[in-house]
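Enquirer: Sharing a structure, written as structure tokens. Questions coming.
No value in this document is a laboratory result; all are computed from the given coordinates. Remember, it's a predicted structure, so these values are computed and weren't measured experimentally. Cβ placement follows ideal geometry from the backbone for every residue including glycine, while neighbour counts extend to all protein chains displayed.
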Amino acid sequence: MFKEPVRSVVVYSTMPVGQVVAEFDVKRIHQLPIHDLWGLTKEYAGISEDRFFDYFKGKELGYAIEIGTIERYKEPLSLKADFGVSPPQSFVYVEG
């Protein structure tokens, strides 16, 4: 799923915040057939069954990140000043 090893994910909130608001540890990455993945994640996925299967339409396997410890920052951080990167289109690797 990732091209590089990922231990944690920082969460960047776009508008109106425009800053990093939290981070979480990657507990595990699941790679499963789509129907099995839905069975594992449906209680936690935050989307409907229809949207889930529409998203994975035409795919045999899917991935899901199991979230470990979550830290919500008391004060949001600047992506540029604190992490040295500009806001990406979807994601960016940062050293931590």
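Enquirer: Take the chain, mark every one of the GluC sites (Glu not before Pro) that falls in a DSSP loop and has at most 13 other Cβ within 10 Å, then report the longest stretch left between them, sites excluded.
Expert: Counting only loop sites that pass the neighbour cut-off, the longest clear stretch is 1-42.
Enquirer: Now, a different point. Expressed as a whole percent, how much of the Cα-Cα distance distribution for the chain exceeds 19 Å?
Expert: More than 19 Å apart: 52 percent of the Cα pairs in the chain.
Enquirer: Something else: Residue separation times 0.36 nm, minus the C-alpha to C-alpha distance between residue 22 and residue 78: what's the value?
Expert: 19.0 nm
Enquirer: May I pose another question? State, to one decimal in nm, how far the label point of residue 6 lies from the label point of residue 71, with both points 7 Å from Cα in the Cβ direction.
Expert: It is 1.8 nm.
Enquirer: What nm value, rounded to one decimal, do you get for the distance between residue 42 and residue 63 when each label is placed 7 Å out toward the C-beta?
Expert: That separation, rounded to one decimal, is 2.5 nm.
Enquirer: Separate question: Just to confirm the filter: which trypsin sites (Lys or Arg not before Pro) across the chain are DSSP coil and have at most 16 other Cβ within 10 angstrom of their Cβ?
Expert: Taking the chain and a limit of 16 other Cβ atoms within 10 Å, the loop trypsin sites (Lys or Arg not before Pro) found are 3, 7, 42, 57, 59.
Enquirer: Please report the net charge: other residues with Cβ closer than 9 Å to the Cβ of residue 65, K and R +1, D and E -1.
Expert: Computed value for this residue: +1.
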